[in-house]
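**Student:** The structure under discussion is supplied below as structure tokens; questions concerning it will follow.
Taken together, the values in this text are just the output of simple stated rules run on the coordinates, not laboratory data. Please read these numbers as outputs of a predicted model, since none were measured by experiment. Cβ atoms come from the backbone with ideal geometry, glycine included; neighbour counts cover every protein chain shown.
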Amino acid sequence: METDEIDLAKVTETDNKIAALLQLEKITVADLHNFSIPERRYAAAVFTKVLEELKDRERDDFIDKIDLIVPPTTKDQLWEHNHQVIAAAISKLMQKHGCMPAKSHLALETGLSRQTIVKHLKEYKSHPEYTAEIEQFRFMTSKLAAKVFTFAVNGDMKAARLYLEMVGAISKRQGNAVINEQNNYIQINNTILSQENLRCLSAEQLNQIENIITMGLPERQKLNKMAPGQS
């Protein structure tokens, strides 16, 4: 029965087998047929250590060498590592220099090759791990809404408006005009001014209506409209 650990007497033998693997241009699953399960785990640990020590194109070449024997979960971990170090490098260099860093500068900062960085930036949006990351942010939407609600009930009117917009109680800004969600309407003589009618108007037309209404307000209300919060 095989154990999880390699017998110390066999470590040298296993190291020799791994060294022979590393001499190959491309390692395949068939090349591991004479490795026991403990030996495969030992080889995986060796490959991980080698990968951590390599940089730039040498790292790319090694990843390509072992690509056929790397399980999907490990490939996802490699992608996550690249994503995190590239994002951290962009943030650090932008704060330091005040501009978007060049790919060559990102390569120096991360230890990744320029080719890897270009490929990652080009393709990251289509990667399943990125999609999963976005879903994590969406998952936290309810917690954020609860936080906004807490500020709102404590008197923060900006938070209150944001919360109402988030839950769809009022509409977002359209141009310079704001239309509140409502189910009622205003009738002026034979003309009905409803929510649906207002949505069909341009921002300029909405501003004209607002100016007409404002001109008809008492002076006190005009002042309050022009300078909210001032008497």
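**Student:** With a point put 7 Å past each Cα toward its Cβ, work out how far ALA145 is from PHE35 in nm, to one decimal.
**Tutor:** Those two pseudo-labels are separated by 4.9 nm.
**Student:** Near LYS55, which lysines are there with a Cα under 22 Å away, not counting those fewer than 8 places off in the same chain?
**Tutor:** Result set, ordered by chain and number: LYS26, LYS65, LYS75, LYS92, LYS103, LYS119, LYS122.
**Student:** For segment 10-88, which GluC sites (Glu not before Pro) are in a loop by DSSP, counting at most 15 other Cβ atoms within 10 Å?
**Tutor:** Sites meeting the loop and neighbour criteria: GLU25.
**Student:** Related question: I need the phi-derived Karplus couplings for segment 40-52: 6.51 cos²θ - 1.76 cosθ + 1.60, θ = phi - 60°, integer Hz, Gly and Pro marked x.
**Tutor:** 5, 5, 4, 4, 4, 5, 5, 5, 4, 5, 4, 4, 5
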